[in-house]
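Below is one structure; the comments refer to it alone.
Any read-out appearing in this document is the output of simple, stated calculations on the displayed coordinates, not a laboratory observation. The structure presented is a predicted model; accordingly, all values stated were derived computationally and were not measured. No Cβ is skipped: glycine too gets one built from the backbone with ideal geometry, and neighbour counts run over all protein chains shown.
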């Protein structure tokens with residue numbers, strides 16, 4: 001006859017909360033280490049028009065308008081590797097010639 005043992009661990013509720021916060025923080029940090037494409041920069045009017053055009057041409061790529069004095073910029077995509085970013089950059093450069101990859 002074999003013996004069976006059962007162990008039950010009870011974690012404090014604070015531990016679960018702490019683990020969830022750690023997971024969220026790790027995801028945020030991982031996002032910061034990704035490559036993006038800077039599509040365009042200029043004044044507010046030019047950049048918002050370019051953003052509308054970009055979103056129409058590339059509906060599957062998330063883009064955001066960023067303000068860094070004195071310019072407004074469009075940054076798009078989150079790519080884990082430079083190779084992925086460069087592949088998308090080739091497509092974007094056909095419509096936005098000044099686009100380039102931003103490294104983390």
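Suppose the filter is under 22 Å from residue 104 (Cα atoms), under 20 Å from the mean Cα position of the chain (by Cα) and surrounded by 10 or more Cβ atoms within 10 Å (Cβ to Cβ); does residue 57 pass it? Walk me through how you get there before you give the answer.
On the way: under 22 Å from residue 104 (Cα atoms): no; under 20 Å from the mean Cα position of the chain (by Cα): yes; surrounded by 10 or more Cβ atoms within 10 Å (Cβ to Cβ): yes.
So residue 57 fails the test.
Tell me which residues, restricted to region 77-95, are closer than 17 Å to residue 59 by Cα and either touching a helix residue (DSSP H, G or I) at 6+ places or on another chain (Cβ under 7 Å) or loosely packed, with under 13 Cβ neighbours inside 10 Å (or both).
Step one: list which residues in region 77-95 are closer than 17 Å to residue 59 by Cα, which gives 77-79, 85, 87-95.
Selection gives 77, 78, 79, 87, 90, 94, 95.
Look at residue 40 and say whether it is in a loop (DSSP other than H, G, I, E, B) and touching a residue at least 12 places away in the same chain (Cβ under 8 Å). Steps first, answer last, please.
Details: in a loop (DSSP other than H, G, I, E, B): no; touching a residue at least 12 places away in the same chain (Cβ under 8 Å): yes.
So residue 40 does not fit the description; no.
Just one of the numbered conditions (1) surrounded by 10 or more Cβ atoms within 10 Å (Cβ to Cβ); (2) under 19 Å from the mean Cα position of the chain (by Cα); (3) without any contact (Cβ under 8 Å) to a residue 40 or more places away in the chain is not true of residue 46; which one?
Answer for residue 46: the failing condition is (2).
Based on this model, can you work out whether residue 52 counts as more than 19 Å from residue 101 (Cβ to Cβ) and either touching a strand residue (DSSP E or B) at 6+ places or on another chain (Cβ under 9 Å) or part of a strand (DSSP E or B) (or both)? Give the derivation first.
Details: more than 19 Å from residue 101 (Cβ to Cβ): yes; either touching a strand residue (DSSP E or B) at 6+ places or on another chain (Cβ under 9 Å) or part of a strand (DSSP E or B) (or both): no.
No.
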